[in-house]
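The values are calculated or read from the model by the stated rules, or taken from the named source; none is laboratory data. Note that the structure is predicted; figures quoted are calculated from it, not measured. Cβ coordinates were reconstructed from backbone atoms using ideal geometry, including for glycine residues, and neighbour counts include every protein chain displayed.
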Amino acid sequence: MITVEALTKSFGSTRVLDGLDHRQAAGETVALIGPSGCGKSTFLRCLNQLETHDTGRITIGDLTLEGGRAATTEQQRQLRLRAGMVFQQFHLFPHRTALENVMEGPLHILREPRAEAEARARDLLAKVDLSARADHLPGQLSGGQQQRVAIARALAMRPQLLLLDEPTSALDPELRDEVRSVLRQLAEEGMTMLVVTHDMQLAREVADQVVFLHQGRVAESGTPEAIFNAPTHERTRDFLRKVRG
Amino acid sequence: MQIAGLAVASGRRSHWSFHRRWRCLHLALIALFSLPLLPARADLSELRQRGVLRWGNDAEGGAPYIYHDPDHADRLIGFEVEFAEALAGRLGVKSEFVQNNWDMLVPALGDGTKFDVIIAGLERSPENLGKLAMSRPYFIFGQQLVVRAEATNFTSLDDLRGRAVGVLSASGSHHLVERHGGIEAKVYQDNVNYFRDLEVGRLDAVLTDSPIAQVNLVGNTKLKLAGKPFAPGYYAVGVRREDPLLLAKINEAIGALIVDGTLERIYTKYALWSPEQMALRDWKADDSVIAQTQHSALRDWRTYLPLLLRASVTTIWITCAGMVLAVVWGLALALFRMYGPAPVRWLSIAYIEVFRGTPLLLQIYFIYFGLAQQLGLKLSAGVAAVVSLGLNYAATEAENYRAGLQAVPRGQTEAALALGMTRALAIRRVILPQALRISLPSVTNDFIAMFKDSSIVSVIALVELTKEYQIRAIDSGDYIGMGLMTAAIYFVMSYLASLGARQIERRMNRDHR
Ligand SMILES: Nc1ncnc2c1ncn2[C@@H]1O[C@H](COP(=O)(O)OP(=O)(O)OP(=O)(O)O)[C@@H](O)[C@H]1O
Ligand SMILES: [Mg+2]
């Protein structure tokens, strides 16, 4: 369903992604872990083309994008429609209520009728347990609530794949659980997700597969049990030792 | 012929007008503080001691009165220059010219510190005699109508009911047209631009002193004199009332200059001599006891307040229409500059820099006179004022918007794009609404500033509040009272505008904490 082949990306003379390969089946949730600066965010941003990759190819569903300047703006947009994005810092639209944030895409990008868009937006808010906050502005919501609205906003576009860049990192520890449980539920429902995280509890709870990224490549991958209990790669052992403290 | 080129030289006068409003207030303050404190100064004996007669006039007044010699640009010539020299000679002193804006000469004479007398085509009219002492006349003139060459049906003021007639601010012609009634008086700061506006069709006629008409029509095929000169008037030397000895000496000297043929020689040189001037010889004073006409603006508010309010309507609509243009066009400029393709971006930057980097006054002249002259695009004064203010402020608003656009965090653009928006949709739905909220306070501040800046449009014969103030202050002689009344109106307008602005800001931010 997602196939990434030999992806490279450099910023100036620094090569951040260095021949990255990744495969992920529909319905699978993958946790992407690795030391700071190893290129996790860059990889995610390439997958929905907030960064354009230099070489290699990205396939999501029926759409393949070659690197360099091969892709048109419209192709990039099509890829983004397939891969929804949830940011570490939420980036909700501050001038619109929770409900309006969720409706924004369906109404103005998919051009759904308002009634239909609103009904679905309310369903999604219910799903992330925020029905009571539908008419609140982002500024009036806690971090955990904002992140759940951001997830609902991305889901409203019916993406084939959900990309999440450290969705719990900006939250106080006691708020992380509410986001974890939403993601757990999504994983159970069969949503395809790729989640970058330093939150090992989240990785354990939601991931079918854990991928360890090192210096712009996949160093090791496997089930959470395999990676967390019996890592084979020296770097993975170092990393896990550090995050466990 | 030499005189043909002179009208052009005198055109520079208009550039001074911009500073006049400031000078009005300035003088009002000086009058307030200095008059009661200082004793009368500068009488005849002091003048003799100094050995110089300082006379006030406006070098931009134009031919044939006073103008720069086309052959020696730094030398002043004109019949009044030569008359002043002859007069000083008769008094046994030297003559010294002092520059002052023409329509502010009378208040500037003040206590005589700046100059001793006015020799500046100042009419011996009841209005002027109410404010200062005047000598016996040194020149007789008439009011002359000027019309376009093809006009056949205008020969007197009665033919001009409901028509637009150009006059010099605070001049005898101005008073005459106002008193006549039913004529739309268009008030100018100089003796050149009304002829231009007559040529391009913005005016139906010009009423002016006959010497001005004669000189400016030399070599001009587009305009002609209409009818004979009427309402004879007399130019006389303006003297302070506290200086009766000087007045007597000047009267004596003028009499001698008439008798010995000096005046005839000077006027002949400037092609101004006619047999009518012989009446100067037999002139008898009959008006030496006109009471001082000092009106109090505050006491007579029933007369003046409606006039000021009428003018403030002009200020309000010019400002509002100008701001609408500025807000809309400025937004387009900001978007071009931020998101346009390279050539559009450069053009937008160039526009913004040019309009911000040149004086508004220059832009108004360019749009009102320049376009009419070069392209035949005859904007009315009102439209030209709105367009000038709008185009100028658009550059400032564009920069306000740009600051707002840049203040929206990058994450917002990324979130919008990640959702699947095109760039255009992201700007419209996500970036712009946030940017506008950020720029709103600067934009509303500019709106309030424009109320004050709009006074600059009086240079294109549009009587808005400041111009009305100037006219009425000169008329009544009450700069302070009139100024307080005018300032109060400006304050109320600005205050209401800022209340409205705060209201809009509150509404826009209501849901954005
Ligand atoms: N726009 C950019 N310009 C230049 N260098 C960049 C840019 N974005 C990222 N980098 C560099 O690329 C490298 C990888 O960054 P990336 O954000 O992908 O790391 P990461 O794995 O997400 O790290 P973290 O766990 O700290 O979020 C880093 O060295 C970073 O400094
Ligand atoms: Mg990162």
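Assess whether residue A:204 counts as being away from ligand 2 (no atom under 16 Å from the Cβ), surrounded by fewer than 21 Cβ atoms within 10 Å (Cβ to Cβ) and under 18 Å from residue A:125 (Cα atoms).
Judged against the criteria, residue A:204 is not a match.
Given the structure, is residue A:75 of a type in the set (S, T, N, Q) and part of a helix (DSSP H, G or I)?
Yes.
Considering the range B:93-141 alone, what residues qualify as being touching a Phe, Trp or Tyr at 6+ places or on another chain (Cβ under 6 Å) and charged (D, E, K, R)?
B:124, B:136
Kindly establish whether residue B:227 is in a strand (DSSP E or B), of a type in the set (Gly, Ala, Ser) and either touching a residue at least 60 places away in the same chain (Cβ under 8 Å) or in contact with a Phe, Trp or Tyr (Cβ under 9 Å, 6 or more places away or on another chain) (or both).
Spelling it out, residue B:227 is indeed in a strand (DSSP E or B), of a type in the set (Gly, Ala, Ser) and either touching a residue at least 60 places away in the same chain (Cβ under 8 Å) or in contact with a Phe, Trp or Tyr (Cβ under 9 Å, 6 or more places away or on another chain) (or both).
Within the range B:412-436, track down each residue that is assigned to a helix (DSSP H, G or I) and at the interface with chain A (Cβ under 7 Å from one of its Cβ atoms).
Once the filter is applied, which keeps residues that are assigned to a helix (DSSP H, G or I) and at the interface with chain A (Cβ under 7 Å from one of its Cβ atoms), the range B:412-436 yields B:412, B:414, B:415, B:417, B:418, B:419, B:425, B:429, B:430, B:433, B:434.
Taking the conditions exactly as written (modelled with pLDDT of 85 or more, part of a loop (DSSP other than H, G, I, E, B) and of a type outside the set (Asp, Glu)), does residue B:39 satisfy them or not?
So residue B:39 fails the test.
Could you list, in sequence order, all residues of the range A:1-50 that are within 14 Å of chain B (Cβ to nearest Cβ) and either without any contact (Cβ under 8 Å) to a residue 24 or more places away in the chain or within 16 Å of ligand 2 (Cβ to nearest atom) (or both)?
A:41, A:42, A:44, A:45, A:46, A:47, A:48, A:50
Kindly list the number of the only condition in (1) away from ligand 2 (no atom under 14 Å from the Cβ); (2) under 16 Å from residue A:163 (Cα atoms); (3) in contact with a helix residue (DSSP H, G or I) (Cβ under 6 Å, 6 or more places away or on another chain) that fails for residue A:86.
Condition (1) is where residue A:86 drops out.
Can you name the number of the only condition in (1) away from ligand 2 (no atom under 16 Å from the Cβ); (2) of a type in the set (S, T, N, Q); (3) under 15 Å from the mean Cα position of the chain (by Cα) that residue A:55 fails?
For residue A:55, the exception is condition (3).
Residue B:46: modelled with pLDDT under 90 and within 23 Å of residue B:208 (Cβ to Cβ), yes or no?
So residue B:46 does not fit the description; no.
Which ones in the range A:101-135 are within 24 Å of residue A:166 (Cα to Cα) and either touching a Gly at 6+ places or on another chain (Cβ under 9 Å) or surrounded by fewer than 19 Cβ atoms within 10 Å (Cβ to Cβ) (or both)?
A:105, A:126, A:127, A:129
Is it the case that some residue within the range B:149-158 is buried (at least 24 other Cβ atoms within 10 Å of the Cβ) and touching a strand residue (DSSP E or B) at 6+ places or on another chain (Cβ under 8 Å)?
no
Take the residues of the range A:18-43 that are within 8 Å of ligand 1 (Cβ to nearest atom) and within 25 Å of residue B:419 (Cβ to Cβ): which is surrounded by the fewest Cβ atoms within 10 Å (Cβ to Cβ)?
A:41
Which of the residues belonging to the range B:85-116 are touching a helix residue (DSSP H, G or I) at 6+ places or on another chain (Cβ under 7 Å), under 21 Å from residue B:170 (Cα atoms) and part of a strand (DSSP E or B)?
Scanning the range B:85-116 gives a single hit, B:99.
Quickly run through the range A:39-67 and pick out the residues that are of a type in the set (Gly, Ala, Ser) and closer than 14 Å to residue A:19 by Cα.
Once the filter is applied, which keeps residues that are of a type in the set (Gly, Ala, Ser) and closer than 14 Å to residue A:19 by Cα, the range A:39-67 yields A:39, A:56, A:67.
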